[in-house]
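First comes the structure, then the notes that go with it.
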Amino acid sequence: MIFNSIAFLIFLPIVFIVYWSLRKKPLLYQNIVLLTASYIFYGWWDWRFLSLIAFSTIVDFIIGVRISQASTNRLKKIFLIVSLLVNLCLLGFFKYFNFFIDSLIESIGFLGLTFDTWSLNIILPVGISFYTFQTLSYSIDIYKGKIKHTNDFISFAVFVSFFPQLVAGPIERASHLLPQFLKKREFNYNVAITGISLITYGFFKKLVIADRLAIYVNSIFKDIDNANTISLILGIVFFSFQIYADFSGYSLIARGISKLLGFDLMVNFKKPYLASSIPDFWRRWHISLSTWFRDYLYIPLGGNRVSKIRNYYNLIVVFLISGLWHGANWTFVIWGALHGVYQILYLEYSKFIKPSIKENKIRRLLNILMVYIAVTFAWIFFRANSLNQAIAYITKILEFDFSFNLVQVSAQKGPLNLVISLAVIILLYFSYLLPKNLGFKKNSSHLAFNVIMILLIFLIGINGKAEFIYFQF
Amino acid sequence: MEKQNLYIFNFSVFLLKTVIIVAVAGFSFSFAFEKSIIFNSQISGASKVNRILTKTIVDEVPIFGSSRADGSYVPSIIFEKKSHNYGISGGQANIWLFFLEQELKKEKNTPILINFDLGGFNYSDGDIGNYIPNWNDTKDILVEDGEFYFNVPFIKYFGKYESYFKLFINEKFNLTKITDNGGSFEKNKLTKYNFDKLVEKRKNTVSSFTKNNRLLSKFNQLINTTNRTIILVVSPYHSSYFNKFKNINEVDNYLSNLSKKNNIKVIDLRNFIKNDSLFLNTSHLNYDGAVKFSQKLKEELKASKIEL
């Protein structure tokens, strides 16, 4: 089930009413409602995937208990390794099996040897990368002694499958989300209204901004040969905003729905295109994933408390794996590698900046622009279907064909679509003027905000039933 | 009242207020948009559907058909009297038969001009946005299923506002099209290279005349129950269109038999235009082509002494 579907429009109010009507009953009742709703939500795609999430839940629940109860550190470690192996093998099999087989066959082909090309027809279960990382954090945190295991299986099962953030995050830590399932929730009027505003803002970002920009972007990537430098640059600029609006829109809806049910999820995006350095960008973009990699991979590898070379190695490894996390394709690997290189270049560059030089507005603006250009260049690899397509895209940009042809510049989608595309990006920046986390002081402001968002969605939104981009990861 | 209950009550009031304000604002906007944009653009399919359903102009000669009618017949050139081009892009026989049926319900005596596609009697709706404003009157003729909200004001146009607005702008400013009494004609011309590519593609495309029995019997029923003159016109095709046409003899036989009926007149101009620069593609004319064809059609109508 996707958020922008009629089924979900019916599903959510039913869950909301049933859930809060049980507020006077024991906590277990509400958690069972959430678990049932989450499994219905997930099973809507393909009920067979439910067995996978149930298996992962049972394994990590048992391992969590065993790690806690283990008498020696060695035993704890063994249980942790079992958890890592089970989760990563599931992820590896479903997400990367065909990729590795195909890459292996290609590599062998370079040596002049041929093999029968075969691979299994494996369907990627929706959201597997997200919930796998969430359950892994549970096992690792228990092992490290950061949290205690839970004996409440239902609460743990809801923690793994909580439907608002199940398929595209934010990837929550057990230390933050799990305790919320273990205590009584109270309905709060102000929180619920903020939740509604987050939901409408999320839908606005998805249907008005992301899906609008997708029209131009898809047209350009479908026919690179007939594009010129102007339209190719516009295409990738539009994609940078498309993916931001698409993914942050999803996160907003997830946070909004959670607030309606009395839960608090972490903020996943903080105006990333206002970042003034690459590390700053990663403190603002997909925060739940970047902090996950920081805490569970970068720091255990030694982080920056090692030699310079080793630190750079750590950065490259983290970003390569981050790229691969997004998808089984070399394009994502290159995208990750580029960000790793950017980090290293920034560290080298920052040595030459004297701390005495104060950051004035113009310098900051230039930094923001430079970061944006670097990030947007890397998006070419992220968006391309193959390395060849990415190279063709860059090669074509470098032809420096700046001839103004309206059909080309509008990507054959008409000037009105181009004008609206540019307008929605401006609208996005205007929305930055809204209070942080939509914390309007007056309820009438929430009311006005929601009315405006809903009207805009119906007036200029795209009614295309397009899935969120991050579902594929 | 318990605090939690009060919160839930207040939340319900908030939701209700939001819905009411959205409904009032949305419905008002939708009403104004219909009047000033959708129905105020003669070239939009939606305004054509609305016009045939709601207006009776006694001396207006209607022109029905698909995009080939919409982009080829310049009403002000063909007829001295009032005329309107009701051609619907993407629509096939199921659509023009609906227009014909509505027209025959009116107390009028003018002839009716139908652009006859050599593809014959097929089903195709075109853009569903053409029918949303008059959903209840049109949904039964469509092949495509609509959405359940197509009767709800404001929401029914979700995702369609832009396309209506685009047509409105096109008509008011004639940016890429020239418009004339419902007809819209492409100003743009393809380069020789691009046109030749289309010709090559067309040469390898198999076309045929098909007769869907339900549509055919509906047509027969309509023409047999009216005394009004029905003029069937075959508008020009590029020569490449006939390269792999499977059953052209069947078309000729059908049209020949049809022309024997008293109130039916067939004008066949399929080969009238030879110059590539007058085509938009191999089955549609551009504005210059439409003007030339319309002038010829006017002469043909004069020669056939049909009382207009």
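Taken together, the values in this text are just the output of simple stated rules run on the coordinates, not laboratory data. Since the structure is predicted, the reported quantities are computational estimates derived from the model, not experimental observations. Glycine gets a Cβ as well: all are built from the backbone with ideal geometry, and neighbour counts include every protein chain shown.
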Next item on the list: Compute the long axis of helix B:93-104 from its Cα atoms, compare it with the longest principal axis of the Cα atoms of chain B, and write down the angle in degrees, 0 to 90, nearest 10.
Entry: 90
Next item on the list: Please give, to one decimal in nm, the separation of the simple spin-label points placed at A:His176 and A:Leu9, each 7 Å out from Cα toward the Cβ.
Entry: 3.1
Check: Setting aside same-chain residues fewer than 8 positions from A:Lys396, which lysines have a Cα under 29 Å from its Cα?
Finding: A:Lys222, A:Lys413, B:Lys189, B:Lys192, B:Lys197, B:Lys201
Notebook entry, point to check: Seen from all sides and averaged, what is the projected area of the convex hull of the Cα atoms in the stretch B:1-55, in nm²?
Noted result: 5.2
Margin query: With bins 5 Å wide starting at 0, give me the P(r) of the stretch A:6-187 over every alpha carbon pair, in whole percents.
Written below: 1, 8, 14, 17, 16, 14, 10, 8, 5, 3, 2, 1, 1, 0, 0
Checklist line | Residue-averaged [θ]222 nm for chain A, counting only DSSP H segments that reach four residues, each worth -39500 (n - 2.57) | finding: -21500 deg cm²/dmol
Check: Do the sum for chain B: with -39,500 (n - 2.57) for every DSSP H run of n ≥ 4, divided by all residues, what is the mean residue ellipticity at 222 nm, to the nearest 500 deg cm²/dmol?
Finding: -13000 deg cm²/dmol
Margin query: With a 10 Å cut-off between alpha carbons and a GNM built on chain B, which of B:Ile21, B:Ile223, B:Ile264 moves the most?
Written below: B:Ile21
Checklist line | Radius ratio Rg over Rh of chain B, counting only Cα atoms, Kirkwood formula for Rh | finding: 1.07
Check: Under a point spin-label approximation (7 Å from Cα along Cα-to-Cβ), what is the B:Phe31-A:Asp152 distance to one decimal in nm?
Finding: 5.2
Notebook entry, point to check: Which of the pairs A:Lys183/A:Lys205; B:Lys55/B:Lys296; B:Lys48/B:Lys261; B:Lys81/B:Lys296 have their Cα atoms more than 22 Å apart in this structure?
Noted result: A:Lys183/A:Lys205; B:Lys55/B:Lys296; B:Lys48/B:Lys261
Next item on the list: Please name which of A:Trp282, A:Gln165, B:Ser124 has its Cα lying farthest along the dipole of the protein assembly as shown towards the positive end, using unit charges on Cβ (Lys, Arg +1; Asp, Glu -1) and the Cα centre as origin.
Entry: A:Trp282
Item checked: Additional length obtainable on full extension of the chain from A:Asp223 to A:Ser21, 0.36 nm per residue less Cα span -> 67.4 nm
Next item on the list: Can you tell me the FRET efficiency between A:Asn385 and B:Lys201 if r is taken as the Cβ-Cβ distance and R0 is 30 Å, rounded to the nearest 0.05?
Entry: 0.75
Item checked: Antiparallel DSSP beta bridges within chain B, as percent of all bridges there, nearest 5 -> 30
Item checked: Approximate spin-label separation A:Ala423-A:Ile108, in nm, with each point projected 7 Å along Cα-to-Cβ -> 5.7
Checklist line | Calculated log₁₀ intensity ratio I(q)/I(0) where the Debye formula runs over C-alpha points of the protein assembly as shown, q = 0.11 Å⁻¹ | finding: -1.26
Next item on the list: Please provide three numbers in whole Å: the alpha-carbon extents of the stretch A:191-472 along the principal axes, with the largest listed first.
Entry: 55, 50, 41
Check: So how tilted is helix B:161-173 from the main axis of chain B? Cα-based, degrees 0 to 90, rounded to 10.
Finding: 50
Check: Going by how many other Cβ atoms sit within 10 Å of their own, how do A:Arg212, A:Arg23, B:Arg214 line up, fewest first?
Finding: B:Arg214, A:Arg23, A:Arg212
Margin query: Counting other beta carbons within 10 Å of each residue's own, what order do A:Asp401, A:Asp223 fall into, fewest first?
Written below: A:Asp223, A:Asp401
Margin query: Only bridges whose two residues both fall in the protein assembly as shown count here: according to DSSP, what percent of them are antiparallel, nearest 5?
Written below: 30
